[in-house]
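> Take a look at the following structure, please.
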Amino acid sequence: MQHTDPATLAFLRHRRSHPPKLLGGPPPSRDALMELLELAARVPDHGKLEPWRFVVLERATLDRLAPVLAEHVAEAGGDEATVAKARSAFASPVIVAVVSAPVDSPKIPEWEQFLSAGAVCLELLNAALAAGYGAAWLTGPAAEPGFARAHLGIGADERVVGLIHIGQRGTTPPDRPRPDVAAKTTFL
């Protein structure tokens, strides 16, 4: 017997990310954010290793890190436009860094654990959107290992898989062109 959920299918058909520049405050409360994180943790996880974790960047931290990130980009040779973009990268009301934290396992390869962390990113993005927030999954210079280790508390064997920007929805962004799925599908 097939069990369908038309509302979820409709959500998935029409979901779209909301660019951080369109997000406003206030951010979700800590309780609301914890609920979104609990939903995000319901992902495929072979071996039940939980090879990921969350680092929540709240407003005071984002304000403190914005000039630090701009300086990091400038020191790496970024031009004026790239530095300005880095300076505004932390404008969202709250950002959740999803961190791949692989677990030593003789059975589960690290690449599979990394995919589980990526699934957490998408689950958090969709949970935030379904809860009525605007959200986007980005990376950029703040996710680079050097910056993340120095300023986000990321360990040497960890990696930021995504920075999930969450806030109140502004203008709904236009839909973007979608892939021709038939051209990318092979049936064997």
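The values are calculated or read from the model by the stated rules, or taken from the named source; none is laboratory data. Keep in mind that what you see is a predicted model, and the values were worked out from it rather than measured. No Cβ is skipped: glycine too gets one built from the backbone with ideal geometry, and neighbour counts run over all protein chains shown. To get the accessible areas, we keep the full protein, side chains included, count just its heavy atoms, and leave off ligands, DNA and RNA. Shrake-Rupley method; radii C 1.70, N 1.55, O 1.52, S 1.80 Å.
> Taking θ = phi - 60°, what integer Hz values does the Karplus form 6.51 cos²θ - 1.76 cosθ + 1.60 yield along the stretch 31-36, in sequence order, with x for Gly and Pro?
Once rounded to whole Hz, the list reads 5, 5, 5, 4, 5, 5.
> A further question on this structure: Over 10 Å intervals from 0, what percent of Cα-Cα pairs in the stretch 117-188 sits in each interval?
P(r) for the stretch 117-188, in whole percents per bin: 17, 32, 32, 17, 3.
> Let me check against my output: what whole-number percent is the relative contact order of the stretch 117-188, with C-alpha pairs under 8 Å and at least 6 apart?
On the way: 65 pairs, mean separation 24.3, N = 72.
Here the relative contact order equals 34 percent.
> Contact order normalised by length for the chain, with contacts defined as Cα pairs under 8 Å and 6 or more residues apart; what percent is it?
32 percent
> Using the alpha carbon gyration tensor of the stretch 138-178, what are the three equivalent-ellipsoid semi-axes (square root of 5 times each eigenvalue), largest first, in whole Å? Please list the in-between numbers first.
On the way: eigenvalues 165, 30, 11 Å².
Ellipsoid semi-axes (Å, largest first): 29, 12, 8.
> Counting only protein heavy atoms and using a 1.4 Å probe, what share of the accessible area of the chain belongs to carbon plus sulfur, as a whole percent?
For the chain, the apolar C and S fraction of the accessible surface comes to 56 percent.
> Give the lysines whose C-alpha is closer than 20 Å to that of K48, dropping any in the same chain fewer than 8 places away, or say none.
List returned: K107.
> Could I ask something else about it? Roughly how many debye, to the nearest 20, is the charge dipole of the stretch 100-188 about its Cα centre, given +1 on each Lys and Arg Cβ, -1 on each Asp and Glu Cβ, and no other charges?
On the way: 7 positive and 9 negative charges, 65 e Å.
In debye, rounded to 20, the stretch 100-188 gives about 320.
> State log₁₀ I(q)/I(0) for the chain at q = 0.15, 0.18, 0.20 Å⁻¹ as given by the Debye formula over alpha-carbon point scatterers of equal weight, solvent excluded.
-0.99, -1.28, -1.41
> Could you size up the charge dipole of the stretch 30-154 around its Cα centre, putting +1 on the beta carbon of Lys and Arg and -1 on that of Asp and Glu, and report it in debye to the nearest 20? Kindly include the intermediate steps, with their values, before the conclusion.
Values: 10 positive and 16 negative charges, 29 e Å.
Using Cβ point charges on Lys, Arg, Asp and Glu, the stretch 30-154 gives about 140 debye.
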